[in-house]
1. If we count GluC sites (Glu not before Pro) as exposed when they sit in a DSSP loop and have at most 16 other beta carbons within 10 Å, what is the longest stretch of the chain that avoids them all?
2. In which sequence would SER39, SER245 go, from the one with the fewest C-beta neighbours within 10 Å to the one with the most?
3. Say R0 is 30 Å: what FRET efficiency, to the nearest 0.05, do PHE69 and ASN114 get from their beta-carbon distance?
4. How much length is gained on full extension from GLU54 to SER178, taking 0.36 nm per residue of separation minus their Cα-Cα distance?
5. Fewest to most neighbouring Cβ within 10 Å: what's the order for ASP44, ASP132, ASP163?
6. Answer with one residue from VAL159, THR221, SER190: the one whose Cα lies farthest towards the positive end of the charge dipole of the chain, charges on Cβ with Lys, Arg +1 and Asp, Glu -1.
7. Counting helices only, and only those DSSP H runs with n ≥ 4, report the 222 nm mean residue ellipticity of the chain as the sum of -39,500 (n - 2.57) divided by its residues, in deg cm²/dmol to the nearest 500.
8. Let me make sure I get this right: for region 165-253, a, b and c are the square roots of the gyration tensor eigenvalues over alpha carbons, sorted descending. Under 1.5 in a/c it's rounded, otherwise prolate if a/b > b/c, else oblate. Which is it?
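What follows is calculated from the coordinates using simple rules that are stated; it is not laboratory data. The shown structure was predicted, so the numbers you read here are calculated from the model rather than taken from an experiment. Don't worry about glycine lacking a Cβ; one is built from the backbone with ideal geometry, like all the others, and counts go over all protein chains shown.
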Amino acid sequence: MKILILTSDAGFDHRVPPPHFENPVRLRAVLDAMADTPSLAGLDRIQARAASREEVGRMHTARHVDAVFNGEPADHEAFHGFDFDTFMCRGSLNAALRGAGAAVQAVDMIMAGNGEAAFCATRPPGHHAERDRPMGFCLFNNVGVAAMHALEHHGLSRVAIIDIDVHHGNGSQDLAESEPRVMFASIHESPLYPGTGMEDETGLNGNVVNVPVGAGCDGATWRARLDNDLFPRIAAFKPEFLLVSAGFDGHRADPLGGLLLDEGDYIWAASRLCDLARKTASSRLVCCLEGGYDNGALGRSAAAFTESLSIG
Ligand SMILES: [Zn+2]
């Protein structure tokens, strides 16, 4: 078993105006929990390269890319806001490019046969960033950039994105709505930010699958919905690569979500995702950190999930 862990210290340089849930302590919590996990402690922490302008430009419009490339404020202490909760400081561009770069690099490493599955422990997260709009803590859509890289650089024909964050990945859905080679499938709490992700949002010929669940959904229900309503749709799409938006804010301790999941549910999800990758996606699996805002639960969940990534 060889799990690849990619990260970037640049993630610590992306600061946000306090108080803010999506802050550098999250990345520290994930890396510390992995260091405390015996099976992960000895693995390399691969420092990610930055994505190129061309690579992020496959997912995002030139206007979006320009806005982020030019978004850092001149003053070291200042912040530039895209909306009420999405900010850049000096250092944010590098963090965002390395977050997207980690996902791209992980795709390259898996395609080259250099690992079984990869987890990208980076921030800022990505799944709310649409093709033409940073939003919801997200500057570039990391899994979207990786999906387009798998299609355009590696010549694949079909890539699936599975999103288990408690929030709907509107940005990744935005990609699938104009890119039939991408399937986007999400389980998320509804109603909740950003307000999208209804079951009748089905994309292009059904390449968008939304499984909204209500606040109070427990692990047994969450698992059953994935098994019954989401994983079979992914298998039918026959993806050649599986990308996962791995948010852990569905944990019962999370302050931003109302689901009742725990570490055991994320261990189960990792095992199922590995099964799916093995059976339908040539054992190609890359997972990218999204949300998770109770730092203790986030660290434990991310480490347990990553430890359980075993394609076998
Ligand atoms: Zn989230």
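1. Answer - 78-198.
2. SER39, SER245
3. Calculated transfer efficiency: 0.50.
4. Once the chain is fully extended between GLU54 and SER178, it gains 42.8 nm.
5. By the 10 Å Cβ count, ascending, the order reads ASP44, ASP132, ASP163.
6. The residue sitting farthest along the positive end of the dipole is VAL159.
7. -11000 deg cm²/dmol
8. Here region 165-253 falls in the prolate category.
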